[in-house]
Amino acid sequence: MNSLWQDIRFAFRMFSKSPGFTITAVLTLAIGVGSVTAIFSVVNGVLLQALPFDQPGQLVQLWGDPTSDGRGRNSVAAAEFNDWKEQNRSLENISAVRRVNMNITGNGQPERLSVLQVSASYLRILRVQPLQGRGFLPDEDKPGQEKVVMLTHRFWKRYFGSAENIVGSSIRLGNDSCTVIGVLPPRPKIPNECDVIVPFVFGSESWHHSRRDNRLRVIGRLKPGVTVEQARSEMQSIKQRIKELYPEYKQKWGVAVVPLHEELTSQIRPQLWILFSAVGFVLMIACANVASLLLAKTTVRRKEIALRVALGGTRWRVIRQLLTESLTLSMIGGGLGLLLAIWGVDLLKQWRMASIPRVEEISIDAYVLGFALLASILTGLLFGLAPAWQLVRSNLNETLKEGTRTSRSSSGFLCGGLIVLEIALALVLLAGSGLLMKTLYQLQSVPAGFNPEGVLAMGISLNDQKYPDGEQRAVFLRQIIQRVESLPGVEAAGSVTTLPMSGATDNSVRAESQPDQDDYYISTDYDFVSGNYYQTMGIPLLKGRIFTEHDNTTSAPRAVIINQTLASKVFPHDNPIGQRVQFLGNSWEIIGLVGDVRHRGLDRDRMERIYMPQAFSSFQCNLVVRTKAPPLSLVETIRSEIFKLDPDQPISNIHTLEQVVADSIADRRLIFILLGIFAGVALLLAAIGLYGVMAQLVSHRTKEIGIRMALGAQYGKVLFLILGKGMKLIALGVSIGLLGSLVLTRVLTHLLFGVTPTDPVTLVGVTLVLGVVAIMACWLPARKATKVDPMVTLRCE
């Protein structure tokens, strides 16, 4: 320990003698260790840590599997859920889960809530104990029971101000008065984020007894000792045993049993591992950079090391001293990097990561601190071992003499190899970032089929008792639209059930002129609209007309509008206007043809779509308003107009359509920005490393350059003499980097759109960027070499 403290004190003395080297090395390591620690904290919180429930490995999610090979994910019919619940022996219990929206009224300003309907066993499956009150009793999901509700901690705190006497009070949810029986704890959060939870009651509705109508999700808990494979096998057996009870299209379906942790993180898992690999490259570049700096210092310290050995010091003792210095340096850099990681994690959690599952569990915990410590130690060993070994393996007797060209050349060879590695890794990161940048450009240039600029959207959920039939709902929406369109700054308004980029609902349609056979049915998305919807959205009317007030009544002849894609499938050679189609069990006349809208996302193909009057829809829709003023500035005015019509009518989910479009590519944008930052850091570090190596080369060859210039060498020849060495390193690094890019960028395939992983334009572009930066890093030392005064150099030698 005494000698260790002696080595550490000596290391600090050495650092103080070279402040420029120390600051550069520490900052380089801080960037590398800080970046990898920040991303590891995300990977750890989202992917590696178990779910925060008791025995989380027993929690599973069950799906209908159209592929019958375990890959399919489809919601479950209510009767199918009962089949599983009654016949399985592998699961302790299972719970139905269904998300709906309901209005809360009578407790202040009305709001539209996200409501989770679950079986009474839901909280027992998760083993979550309420913070206040109690959970659901076993019979509270049966018909005829008192209406009860549980509040999430977030909603209780926001809406009720954390009122301590909330348990036992009543709230009006939808049409029912519900008794609050409990408040959920803030941690752990249930897998499905919502405002309140109510029991799902199997009633008299037809879909509650159907094996065809798929509306439920299902979670369960495995019995102790039962594996996922055993449960999956049993569920498949149940399905096969009673497959005749299912509709024909579902008889070949299987059952997917997926661990809940895997289900929650499956979408984000590839992106996080890509980011973790990227910061791993940054850390490797940082290590190579610091190793190059240390190798540069070894030239100055060769005689010192030779004297130590000549005076009786063993090679191992010298290696230990040098490794102590590198580890001390890495621990300082790692400590600063940890501070950067803490700041980076806070920034990531606040910035565009709300959609990432388990984001609230991302933190700098003991695992992350241990990782940062381990990364610092391994980094110190990695960049410190090569220079230490390079020093002690050299011919120390020759080092004590004047000429040390052999050792210098071997040191230069190792430095060159590290620079080649840095350039190659930087090019791989630049290639990945370039591909994602081109993907975003391609997505943003895709015609969405509507104009989102200046359009405000908000959700409206109508009370089914106050507006029990479609015509009443249509009248109320017409009044809202008329009031909104009369407001200053409003150009047009309308309503639609589903906003673009927010998913879709599909069914089958056929031309009435075709036989009622499966071959003539076309799958199509559908929606319900009213008011000046097409004008508001900027969707062009190509033929026919749009809906009028007369069409938006249930007593009027059934009229529909279809898009181009559907028209080309159903009526490829005929004018669709005036034709009739069979859809949702009714006959409809086509009155209009409109342009295609990419409802499922900018990266998805145009889909068939049929529009129907809002009078035939359910109780929920979205009001869309095109404005001349900033859209969000009109929210309160519109809310006030709606309250004048119905003081119990809330609006919710308020946003602009520009934000909807932006959110549809938010995951790609987040990955691109982070990967772009890491690529930029890698490029900077590689340039600094190359500059350092070339500066070292010029320093070593000062005598040679002086002699050459004394003998008449011109400026250009000296410049290209130095640049030639750098260009060889650049060319070798770029060649290796291009080969690596062709292989490694394939992992980005699922994130790309309109571009291939081997896109030549992108690869050539990033190669040119790297080449220009690298040449500038070489040119600066080369230019310095041309300013060498031969007389001064020869006099010093």
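The values are calculated or read from the model by the stated rules, or taken from the named source; none is laboratory data. Since the structure is predicted, the reported quantities are computational estimates derived from the model, not experimental observations. Note: ideal-geometry Cβ built from the backbone for every residue, glycine included; neighbour counts use all protein chains shown. In case anyone asks, the SASA skips ligands and DNA or RNA and just uses the protein heavy atoms, side chains included. Shrake-Rupley method; radii C 1.70, N 1.55, O 1.52, S 1.80 Å.
Roughly what angle does helix 635-645 make with the longest principal axis of the chain, taking Cα atoms, 0 to 90 degrees, to the nearest 10? Between helix and principal axis, roughly 10 degrees.
Taking every alpha-carbon pair under 8 Å whose residues sit at least 6 apart, segment 96-164 reaches a relative contact order of 20 percent.
Between the residues 348, 372, 314, the greatest Cα displacement towards the positive end of the dipole of segment 314-373, with unit charges on the Cβ of Lys, Arg, Asp and Glu, is found for 314. Counting only protein heavy atoms and using a 1.4 Å probe, the accessible area of residue 111 comes to about 40 Å². For the Cα atoms of the chain, what angle does the longest principal axis make with the long axis of helix 19-43, in degrees from 0 to 90, nearest 10? Computed tilt is about 30 degrees.
For the pair segment 606-672 / segment 232-279, the C-alpha centres are spaced 33 Å from each other. With every protein chain present, what accessible area does residue 213 have (1.4 Å probe, heavy atoms only), rounded to the nearest 10 Å²? Per-residue accessible area (residue 213): approximately 50 Å². Only one residue of 294, 650, 710 has its Cα farthest out toward the positive end of the dipole of the chain, where Lys and Arg carry +1 and Asp and Glu -1 on Cβ, and that residue is 710. Relative to the Cα centre, the charge distribution of the chain, modelled as +1 at Lys and Arg Cβ and -1 at Asp and Glu Cβ, gives a dipole magnitude of about 4220 debye. Secondary-structure-derived ellipticity at 222 nm for the chain, considering helices only, amounts to -16500 deg cm²/dmol, per-run term -39500 (n - 2.57) for DSSP H runs with n ≥ 4. Projecting the Cα positions of 536, 552, 523 onto the charge dipole of segment 508-656 (unit charges on Cβ atoms of Lys, Arg, Asp and Glu, taken about the Cα centre) puts 536 furthest along the positive direction.
Under a model in which nothing but the beta-carbon of Lys, Arg (+1) and Asp, Glu (-1) is charged, segment 222-275 shows a dipole of about 120 debye around its Cα centre.
Protection proxy ranking, highest mean first, for peptides 22-35, 629-642: 22-35, 629-642, where packing is the per-residue count of other beta-carbon atoms within 10 Å, averaged. Taking each residue as 0.36 nm, the span from residue 720 to residue 68 lengthens on full extension beyond its C-alpha to C-alpha distance by 228.2 nm.
Any of 703/784; 438/725; 349/438 with alpha carbons more than 22 Å apart? Name them for me. The pairs that break the limit, which is 22 Å between Cα atoms, are 438/725; 349/438. Relative contact order, whole percent, for segment 70-229 stands at 38, derived from Cα pairs under 8 Å and 6 or more residues apart. Expressed as a whole percent, the accessible surface of the chain that belongs to carbon and sulfur atoms is 57, based on a 1.4 Å probe. When you count the other C-beta atoms within 10 angstrom of each residue and take the mean per peptide, 287-293, 186-192, 147-153, 482-488 line up highest first as 287-293, 147-153, 186-192, 482-488. Measuring between their Cα centroids, segment 37-100 and segment 518-545 lie 36 Å from each other. Under the criterion of Cα pairs below 8 Å and six or more residues apart, the relative contact order for the chain equals 16 percent. Among the trypsin sites (Lys or Arg not before Pro) in segment 702-793, those located in a DSSP loop and surrounded by at most 14 other Cβ atoms within 10 Å of their own Cβ are 787. Among the trypsin sites (Lys or Arg not before Pro) in segment 335-389, none is located in a DSSP loop while being surrounded by at most 12 other Cβ atoms within 10 Å of its own Cβ. Using only side-chain charges placed at the Cβ, +1 for Lys and Arg and -1 for Asp and Glu, the dipole size of segment 411-492 relative to its Cα centre rounds to 40 debye. Surface analysis of the chain yields an accessible area of 45 Å² per residue, using protein heavy atoms and a 1.4 Å probe.
Here Cα extents along the principal axes in Å was calculated from the structure, and among (i) 118, 75, 54; (ii) 94, 73, 57; (iii) 106, 60, 54 it sits at label (iii).
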